[in-house]
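All remarks here apply to the structure that follows.
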Amino acid sequence: MITSIINKGLIQLDLKATSKEEVFAELTQLLAKQGKVNDAQQFLTDIKTRESLGNTGFEGGVALPHAKSSAVVEPAVAIGISRSGIEYGAEDGLDSKLFFMIASPAGGDDHHIEVLAELSSKLIEEGFIDAFLACETSEEALELLLLKKETSDINPEQNKGLIIGVTGCPAGVAHTYLAAEALEKGACELGYQVKVETNGSIGVKNSPTADEIANADAIIVACDKQVDMASFAGKRLIETGVKAPIKDAKSLIEQALVAPKFVADSSGTPSPSSTSKASQARSDLYRYLMNGVSHMIPFVVTGGLLIALALAIGGEPSGAGMAIPDGSMWNQVLNVGVVAFTLMIPILAGYIAYAIGDRPALAPGLIGGWIANNGSFYGAEAGTGFIGAIVAGLLVGYFIRWLTSINFHKFIQPLVPIMIAPITGSLFISSLFIFVIGAPIASLMDSLNAMLTAMSTGNVILLGIVLGGMAGFDMGGPFNKVAFLFSVGMIASGQTQFMGAMACAIPVAPLGMALATVLGRKLDLFEGSEIEAGKASGAMGLVGISEGAIPFAAQDPMSVIPANVLGSMVAAVMAFSFGITNSVAHGGPVVALLGAMNKPLLALFCMAAGAVVTALVCVTLKKIRQAKAIQAAA
């Protein structure tokens with residue numbers, strides 16, 4: 001029932017707003033007054049984040065700003081009318097007058113999605129928008145929303161065939177269901193049966209069967225997100241953005257009926273020329289990285305928080321680092337966290353490869369990421385970390401894309417995606433790391449260790465710059481590991497000041513990124529997923545897990561890595577200057593609080609100073625890059 005998310009108190013028939021941002025703020029306040037959102041600023045940020053992925057203005061003066069947000073207490077829709085119209089950036093160039101702001105909870109029940117689908121059907125009813133704009137009271141507007149339209153007699157006697165559609169938008173809330181409804185209506189008017197798969201926020205629904213695909217006259221993929229295309233090979237297919245069917249579904253269906261048959265490259269990857277406008281708005285490389293990062297974040301958060309919890313509650317400082325007594329329950333918690341942490345780097349590589357080469361690239365991408373992160377394969381003391389995973393994912397993805405584009409014999413072709421491509425790709429990336437990339441990495445680590453040993457009797461300021469910079473550069477990669485292992489080795493010779501500096505530098509990256517997400521929240525510099533990851537990153541930083549900052553570095557290395565390096569340098573130099581020592585092979589505030597460092601308060605001050613520097617530099621760089629991007633787009 002649509003009344004479960006809309007009531008007359010959420011309808012404002014005369015908005016005072018004169019700009020897009022003011023519309024967002026005014027409708028958000030309607031939601032906040034009714035207790036639908038508990039943090040108006042957070043919800044407003046999430047609305048703007050969604051808007052940055054693609055304009056939510058439609059032709060005909062309608063706009064549907066929407067977001068899934070942790071600030072939403074219960075699903076709701078706020079409706080506003082601007083009598084004079086507002087420049088919203090709609091594709092038809094006209095001002096928008098009717099606004100539906102859809103607030104969806106980040107978790108919990110998804111029954112409201114069906115209600116949103118009902119709302120979608122109302123918006124494409126002929127004459128509905130004009131009738132709604134003519135309403136003079138909130139009661140009248142709500143009554144119009146609740147009015148059941150008479151069953152249409154547009155149900156042709158002649159059944160011309162079957163049309164299959166696939167719809168999906170980045171947030172999976174509004175456009176997905178509007179596009180599906182439009183395709184269903186358009187197909188009905190043209191005399192075709194239709195089945196539309198929705199890639200919405202509640203997952204994939206109404207997927208066509210193999211028989212239905214085989215019998216379909218045409219396929220319409222109207223998505224602004226990645227879709228598995230392999231099953232559509234040989235069918236007439238048109239690919240477009242999610243807004244296209246909302247504008248003119250009938251025309252789109254007619255185009256699809258005469259479109260050329262889709263030829264998959266065995267991976268189902270569509271031709272670059274057919275990429276949707278939303279996909280073109282971001283570089284291919286960024287989309288590939290984001291696919292890997294988004295799949296990696298749950299592993300980072302799960303593993304990092306479990307390890308942090310185990311060390312914080314069950315850990316005790318020892319010469320070998322933070323240790324949990326044998327037989328303790330926290331050992332098992334730690335082990336589960338280690339499993340998640342071990343998987344995060346292969347997941348990053350695997351899903352970068354998947355974004356490029358689709359399913360045939362997933363297995364070799366995961367294998368390549370595992371090898372990249374395990375130095376034992378190529379004689380190095382540590383793996384290449386997240387940087388190696390990104391390289392592995394990109395190499396595998398492009399290799400598989402090329403391999404599957406080859407026109408194999410018809411008897412061999414079915415084996416390409418399930419056997420030939422995965423096996424060949426796995427051998428390709430493993431050979432590359434073991435025989436080509438591995439040796440230089442091992443040699444580099446030896447050279448770095450020799451450099452640190454030579455510098456150990458020199459200027460401590462310079463050593464702090466080098467040691468801190470290495471600690472913050474790759475967060476668990478070869479540079480970080482060399483600096484850490486060098487500092488651990490110096491403990492055995494009685495020189496604990498090196499581990500003191502390292503212990504102060506280790507938590508700077510995750511703590512700095514946690515602080516950066518707080519500072520950058522009001523500046524719209526971070527996406528909603530990053531803000532959530534920032535909370536976990538802060539918890540990891542408290543117990544000295546530098547990997548908490550990896551998702552940020554992988555998503556925006558040009559802003560995050562320099563910030564991490566500078567902040568870690570500041571912390572290490574300050575630690576050397578204050579004469580801070582550490583007798584255990586671990587870092588972070590937890591080590592200082594448990595008494596392993598000689599000057600715990602000063603150590604905490606060094607860590608805090610480094611984190612502040614990292615946060616400020618990161619926010620500044622992101623702001624500069626954002627301004628350049630806006631200027632370039634203007």
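The values are calculated or read from the model by the stated rules, or taken from the named source; none is laboratory data. What you are looking at is a predicted structure, and each value in this text was computed from that prediction instead of being measured. Cβ coordinates were reconstructed from backbone atoms using ideal geometry, including for glycine residues, and neighbour counts include every protein chain displayed. Side chains are part of the model used for accessible areas, which takes the heavy atoms of the whole protein and leaves out ligands, DNA and RNA. Shrake-Rupley method; radii C 1.70, N 1.55, O 1.52, S 1.80 Å.
Points worth noting:
- Expressed in units of 2.2 N^0.38 Å, where N is the residue count, the Cα radius of gyration of the range 489-622 is 1.02.
- Near the amide H of residue 165, within less than 5 Å, lie the amide hydrogens of 195, 196, 197, 220, all on another chain or at least 5 residues away, with H placed in the peptide plane.
- Accessible area per residue in Å² at 1.4 Å probe, computed on the chain: 41
- Placed amide H near residue 236: partners under 5 Å, 5+ positions off or other chain: 219, 262
- Working value for the range 328-445: equivalent-ellipsoid semi-axes of 29, 18, 11 Å, each the square root of 5 times a Cα gyration tensor eigenvalue, largest first.
- When the Cα gyration tensor is reduced to axis lengths a ≥ b ≥ c, the ratio a/c is 1.5 or higher for the range 385-491, and with a/b above b/c it is classed as prolate.
- Charge dipole of the chain (Cα centre as origin; +1 on each Lys and Arg Cβ, -1 on each Asp and Glu Cβ, all else neutral): 1660 debye, rounded to the nearest 20.
- Surface accessible to a 1.4 Å probe, residue 547 within the full protein complex, Å²: 40
- For the chain, the mean residue ellipticity at 222 nm estimated from helices alone is -18000 deg cm²/dmol, where every DSSP H run of n ≥ 4 contributes -39500 (n - 2.57) and the total is divided by all residues, rounded to the nearest 500.
- Residues residue 18 and residue 423, FRET efficiency given R0 of 60 Å [Cβ-Cβ distance, rounded to 0.05]: 0.45
- Segments 245-255, 94-104, 417-427 sorted - mean Cβ within 10 Å per residue, highest first: 94-104, 245-255, 417-427
- Among 358-364, 599-605, 299-305, 17-23, the order from most to least packed when residues are scored by Cβ within 10 Å on average: 358-364, 299-305, 599-605, 17-23
- Accessible surface of residue 236 - all protein chains present, 1.4 Å probe, nearest 10 Å²: 90
- Note on exposure: 295, 66 ranked by accessible area (1.4 Å probe, complete protein assembly) read 295, 66, with the most exposed listed first.
- Largest first, the three principal axis extents of the alpha carbons in the chain are 89, 65, 51 Å in whole numbers.
- Solvent exposure ordering (accessible area, 1.4 Å, most first) of 137, 457, 198: 457, 137, 198
- Taking a sphere under 12 Å around the Cβ of residue 215 and counting the other residues whose Cβ falls inside, with K and R at +1 and D and E at -1, yields a net charge of -1.
- Share of carbon and sulfur in the accessible heavy-atom surface of the chain [1.4 Å probe, %]: 60
- Listed residues 412, 580 arranged by accessible area, highest first, probe 1.4 Å: 412, 580
- For residue 338, solvent-accessible area (1.4 Å; no DNA, RNA or ligand), Å²: 60
- Tensor-based shape of the range 1-89 (alpha-carbon gyration tensor, a/c under 1.5 rounded, otherwise prolate or oblate): oblate
- Spatial offset of the range 515-586 relative to the range 363-438 amounts to 31 Å, using the alpha carbon center of each.
- Cα gyration tensor, the range 338-389 - rounded (a/c under 1.5), prolate or oblate: prolate
- Share antiparallel - DSSP beta bridges, the chain, percent rounded to 5: 40
- Of the DSSP H helices in the chain, those that are both long (alpha-carbon extent of 27 Å or more along the helix axis) and hydrophobic (Kyte-Doolittle mean at least 1.0) are 284-314, 329-357, 385-404, 557-578, 600-633.
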